[in-house]
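Notes for the one structure printed next.
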Amino acid sequence: MNQRIASWLSNLRLHDSPTFHHSIRVGHWARRIAAELNLSPEQTEKLVLGCTLHDIGKIFVPKSILRKSSALTRNEWALMKQHPIRGNDFLRNEGITDEDVIGAVLYHHERPDGAGYPFGLTAGDIPFCARICSILDAFDSMVSDRSYRKSISFADAKVELWKNRNQQFDPYYLTVFLQMSESHFFELYHAHEF
């Protein structure tokens, strides 16, 4: 990882440590699923970078919103939903123009059924890195404690992902993720301190 990217992640850690740790775990998941998918080294690095930076736009979301323990207001939710666009703008201003990397950042909250944000894209219009990132992002969010709720078990998170295949998650990439070895799950969450 080059120094500029490390600096951005350091700023994210200072702004909101849980978001930083989440981003690192999502990046680790990206490397694991890339191996399962037999992606090329170049595709793997793009996926890992995009997934690691997927929430970089949250640097521009007020800490009070990121750490809020109750439901967000309509205005707060509108601000939160801007983080993919803010992340895209930030990375492009910093000279990151690779569409796979940018795609993971800008489109990781899009859904195959068109009910996602920020643009309401549907399945065929969502880049592959974003389709993968959305699964990894959601899984890690569910199995990690958040300011507004406690984590759920790996098994419950997998069930929730499966229930939302086709609507929220790409069914092919979701199947690959769910078929990964259980040891990956336990190793990532119990063998590492983030």
Selection count where residues are among the acidic types (Asp, Glu), more than 14 Å from the chain's Cα centre (by Cα) and within 29 Å of residue 163 (Cβ to Cβ), scope the range 71-113: 2
Residues of the range 124-156 satisfying the condition of being aliphatic (A, V, I, L, M) and either out of contact with any Phe, Trp or Tyr (no Cβ under 7 Å at 6 or more places or on another chain) or surrounded by 20 or more Cβ atoms within 10 Å (Cβ to Cβ) (or both): 126, 130, 132, 135, 136, 138, 142, 152, 155
Test result for residue 67, charged (D, E, K, R), surrounded by fewer than 17 Cβ atoms within 10 Å (Cβ to Cβ) and under 20 Å from residue 180 (Cβ atoms): no
Residue count, the range 20-55 (criterion: open to solvent by less than 10 Å² (accessible area, probe 1.4 Å) and either over 16 Å from residue 138 (Cβ atoms) or not in a loop (DSSP other than H, G, I, E, B) (or both)): 12
Some residue of the range 84-92 being surrounded by 23 or more Cβ atoms within 10 Å (Cβ to Cβ), closer than 17 Å to residue 9 by Cβ and basic (Lys, Arg): no
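The values are calculated or read from the model by the stated rules, or taken from the named source; none is laboratory data. Since the model is a prediction, treat every value here as computed from it, not as a measurement. Note that each Cβ is placed from the backbone with ideal geometry, even for glycine, and that neighbours are counted across all protein chains shown. SASA here: full protein model, heavy atoms, side chains in, ligands and nucleic acids out. Shrake-Rupley method; radii C 1.70, N 1.55, O 1.52, S 1.80 Å.
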